[in-house]
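Chemist: Quick one: this structure, given as structure tokens, is what I'll be asking you about.
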Amino acid sequence: MNIVRKIIGIAYKDITFIKSQWMWLAQSAVISIGWMLMLSSWGGINALKNMVAVYIAVSGWGLGLNLIAQFVGWDKISKEWERMIASPISLGEYFLGVTLAMEPYNLLAIVISTTVAFFIGINIMKTLVAFLVVNTLSTVLGAALSLSIILRIKKPTNISAITNPLQSLTTFLPPVYYLPSVLPPIARDISIGIPTVALVDLAHYIIGIDYYFNPLVSTTSILIWLIAVGILTAKVLKWGLE
Amino acid sequence: MYGAEVPSMYAVEAYDMGKKFENVWAVKSATFTIPRKSVGVIAGPNGAGKTTTIKMLITALKPSKGNGKIIGFDIVEEFREIRKHVAYQPQDYSMFSDLTPEQFIISTLMMRGRGYVEARIEAYRWIEELGLIEIKNRKGWSLSGGERRRAVVAATLATNADVVFLDEPTSGVDVEAKYAVLKVLRSCIRNGSTIVLTTHNLVEAGLVADTIIVIHNGYTLFYGSPTELMEKIPYRYKMTMSKPSGNLSGIFHIDLGDKVIIWLKDRSKAFAIAETLGVNTFSIEEVNLEDAYLYLIKSLGEKL
């Protein structure tokens with residue numbers, strides 16, 4: 001009970017910020033709906049199916065890479081981090097609290113992806129399972145990757161200047177919104193080494209639409225990334241006694 | 001008490017504690033104790049190592065040498081236990097600008113495991129204590145620096161932690177509010193807490209401190225009561241005058257540019273000194289804690 005209260009306490013602080021910046025949430029909804037409309041008009045049902053898988057992975061990736069990392073970075077700069085170290089809060093409780101505060105974004109993503117899935121005939125249960133598995137993995141992996149970089153910078157005053165380009169680089173350039181089959185053969189095989197490509201392809205598999213890579217290969221790629229960024233982050237993520 | 005450990009009489013203990021960042025020692029040797037249920041003030045010039053010392057005590061930093069204890073728990077070996085008993089207000093910390101003082105205190109208490117209703121009741125008590133009623137529902141961005149500082153002090157004290165560390169809690173706070181903060185700090189120790197704060201203001205330290213710790217250039221120059229600090233200065237009076245043309249060598253003084261402060265053991269010598277220096281007008285008053293502190297820094301600090 002005590003642990004739950006602590007997590008809610010951390011979320012209470014951060015959610016006040018989300019509430020006051022509700023336009024971010026509205027912007028996120030508008031962009032998502034716009035993407036769905038654009039793809040349905042140009043690419044038809046297949047493009048929309050792909051978009052559901054992309055949305056499941058990319059929404060979690062953006063949340064972890066950009067938003068959670070920015071909140072954590074800000075807490076370090078503003079000395080909130082030190083205030084929390086000198087308290088009974090553990091590092092795990094802190095991260096769960098910050099993640100809980102971001103749930104309005106996840107709820108929005110769930111509502112949009114399941115609604116679209118319902119109208120284009122994708123199994124809702126499979127969509128929810130994909131959300132639970134892929135979105136969670138994307139959030140954790142995105143946050144860990146971002147933190148492993150941000151926490152190495154001595155004066156991280158402009159965190160979004162790092163996280164925004166990183167998000168664009170990992171989502172727009174590799175075959176995330178488009179299929180790997182359009183790439184030259186060598187590039188196709190290499191692309192599975194990019195975490196977002198592996199996450200989206202796994203989402204394709206779970207929701208039951210065409211996937212490009214063997215799910216075992218995608219899962220292995222994700223696990224290797226998790227271990228690698230986990231080690232890199234653990235080296236710089238210290239909860240006191242620095 | 002057979003078989004049980006005797007609890008330490010000190011809330012804070014530091015023994016030759018030091019911290020090195022790369023090749024620079026921020027704190028070279030901090031040694032002092034602060035008894036339980038008292039106010040300890042850490043004083044020293046900018047860059048003396050006050051904040052680094054506090055950060056080691058709250059377990060944010062690991063000492064490079066020496067050791068420390070909080071209510072008997074070792075700051076490295078038993079850091080988890082310590083974190084249950086301390087609260088910290090960092091220097092220049094400002095509450096989240098989208099929160100109101102009330103929300104900020106509630107969130108601070110909930111983070112430490114209190115329920116919402118309990119946190120709200122406790123928050124109201126501290127809002128009243130620190131005179132924040134009028135602004136309790138105003139967003140942080142609309143408050144002055146001093147109001148935000150008071151809200152942070154209220155949140156830190158509301159934790160009811162056994163040992164509360166406040167890094168410059170009164171900086172930027174107006175005089176009236178400053179006395180309100182100092183009054184609340186004294187009431188906290190009556191309720192069982194120990195308060196450790198840093199300040200540059202020795203007059204303020206004299207009002208509130210049971211123990212004063214003077215840190216300079218990473219070393220502890222002194223720790224003891226304000227009375228003991230006053231005993232360190234061998235002078236009883238100070239005369240302030242325009243900078244004289246006469247030679248000041250051999251006279252213990254502080255150069256203020258166009259003015260000088262000269263410390264005296266005996267009030268009667270003032271006229272003789274003024275005559276020697278060719279000064280007609282001067283003021284004379286008893287030395288205070290600030291003079292004792294300055295004397296300590298000048299006489300011992302420069303030898304370090």
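Chemist: Cross-link partners among aspartates and glutamates for A:K126, C-alpha distance below 17 Å, same-chain residues fewer than 8 apart left out?
Modeler: A:D201, A:D210
Chemist: Also, quick follow-up: What are the residues whose amide H is under 5 Å from the amide H of B:K259, where those residues sit 5 or more places off or on another chain and H is modelled from the backbone?
Modeler: B:K243
Chemist: Follow-up question, since we're still on this one. Roughly what angle does helix B:101-111 make with the longest principal axis of chain B, taking Cα atoms, 0 to 90 degrees, to the nearest 10?
Modeler: For B:101-111 against chain B, the angle is about 60 degrees.
Chemist: So, one more: Given H placed on each backbone N at 1.01 Å, which residues far from B:F222 in sequence or on other chains put an amide H within less than 5 Å of it?
Modeler: Counting only residues 5 or more places away or on other chains, the set is B:V214.
Chemist: About its Cα centre, how strong a charge dipole does chain A have in debye, to the nearest 20, once Lys and Arg get +1 and Asp and Glu get -1 at the Cβ?
Modeler: Charge dipole of chain A: 500 debye, to the nearest 20.
Chemist: So how strong a dipole does segment B:10-230 carry about its Cα centre when Lys and Arg Cβ are +1 and Asp and Glu Cβ are -1, to the nearest 20 debye?
Modeler: The dipole of segment B:10-230 has a size of about 280 debye.
Chemist: Can you give me the angle between helix A:136-150 and the longest principal axis of chain A, using Cα atoms only, in degrees from 0 to 90, rounded to the nearest 10?
Modeler: 50 degrees
Chemist: OK, next. Lys/Arg Cβ at +1, Asp/Glu Cβ at -1, dipole of chain B taken about the Cα centre: which of B:Q89, B:F79, B:T170 is farthest positive-ward?
Modeler: The Cα lying farthest towards the positive end belongs to B:F79.
Chemist: While we're on this one: Tell me the net charge near B:E134. Cut-off is 15 Å between Cβ atoms, B:E134 excluded, with +1 for each Lys or Arg and -1 for each Asp or Glu.
Modeler: Net of charged neighbours comes to -1.
Chemist: Right, here's the next one. Among A:V111, A:W81, B:A60, which residue has its Cα furthest toward the positive end of the charge dipole of the protein assembly as shown, with +1 on Lys/Arg Cβ and -1 on Asp/Glu Cβ?
Modeler: A:V111
Chemist: Give the residue from A:M23, A:L39, A:I149 lying farthest towards the positive end of the charge dipole for chain A; charges sit on Cβ (+1 for Lys and Arg, -1 for Asp and Glu) and the dipole is referred to the Cα centre.
Modeler: The listed residue farthest towards the positive side: A:I149.
Chemist: For segment B:42-85, which trypsin sites (Lys or Arg not before Pro) are both in a DSSP coil and crowded by at most 15 other Cβ atoms within 10 Å?
Modeler: Filter output for segment B:42-85: B:K84.
Chemist: Turning to a different aspect of this structure: Of the cross-linked pairs B:K55/B:K178; A:K238/B:K20; A:K238/B:K55; A:K76/B:K139; B:K62/B:K298; A:K155/A:K235, which ones have a Cα-Cα span greater than 20 Å in the structure shown?
Modeler: In this structure, B:K55/B:K178; A:K76/B:K139; B:K62/B:K298 lie more than 20 Å apart at Cα.
Chemist: Step through the residues of segment A:13-29 one at a time and calculate ³J(HN,Hα) from phi using the Karplus curve (6.51 cos²θ - 1.76 cosθ + 1.60, θ = phi - 60°), rounding each to whole Hz and writing x for Gly and Pro.
Modeler: Listing the rounded values in order: 5, 6, 5, 4, 5, 4, 4, 6, 9, 4, 5, 4, 5, 5, 4, 4, 5 Hz.
Chemist: Ordered by residue, what ³J(HN,Hα) values in Hz, to whole numbers, does segment B:285-299 give under the Karplus form 6.51 cos²θ - 1.76 cosθ + 1.60, where θ = phi - 60° and Gly and Pro are x?
Modeler: Working through the residues one at a time gives 8, 6, 6, 10, 4, 4, 5, 4, 5, 4, 4, 4, 4, 6, 7 Hz.
Chemist: Among the aspartates and glutamates, which fall within straight-line cross-link reach of B:K265, defined as a Cα-Cα distance under 19 Å, with same-chain neighbours fewer than 8 residues apart omitted?
Modeler: B:E228, B:E231, B:D255, B:E275, B:E285, B:E286, B:E290, B:D291
Chemist: OK, next. Could you line up B:D266, B:D210, B:D167 from fewest to most neighbouring Cβ atoms inside 10 Å?
Modeler: Exposure proxy ranking, most exposed first: B:D266, B:D210, B:D167.
Chemist: Counting only chymotrypsin sites (Phe, Trp or Tyr not before Pro) that are in a DSSP loop and have at most 14 other C-beta atoms within 10 Å, tell me the longest site-free stretch of chain A.
Modeler: With chymotrypsin sites (Phe, Trp or Tyr not before Pro) excluded where exposed in loops, chain A gives A:1-171 as its longest stretch.
Chemist: Compute the signed sum of charges (Lys and Arg +1, Asp and Glu -1) over the other residues within less than 11 Å, Cβ to Cβ, of B:S171.
Modeler: Net of charged neighbours comes to -2.
Chemist: What 222 nm value per residue comes from the helices of chain A, counting each DSSP H run with n ≥ 4 as -39,500 (n - 2.57) and dividing by all residues, nearest 500 deg cm²/dmol?
Modeler: -24500 deg cm²/dmol
Chemist: Can you work out ³J(HN,Hα) from phi for every residue in segment A:194-199, in order, using Karplus 6.51 cos²θ - 1.76 cosθ + 1.60 and θ = phi - 60°, giving whole Hz and x for Gly and Pro?
Modeler: 8, x, 5, 5, 5, 5
Chemist: Moving to a separate point now. To the nearest 20 Debye, how big is the dipole of segment B:123-279 about its Cα centre, given +1 on the beta carbon of each Lys and Arg and -1 on that of each Asp and Glu?
Modeler: Here segment B:123-279 has a charge dipole of around 180 debye.
Chemist: Taking amide H positions as placed in the peptide plane 1.01 Å from N, state which residues far from B:F165 in sequence (5 or more) or on other chains have amide H under 5 Å from it.
Modeler: B:A87, B:Y88, B:Q89, B:V196
Every number in this text was worked out from the coordinates using simple rules, so none of it is lab data. All figures in this text were calculated on a predicted structure; none of them were measured in a lab. Note: ideal-geometry Cβ built from the backbone for every residue, glycine included; neighbour counts use all protein chains shown.
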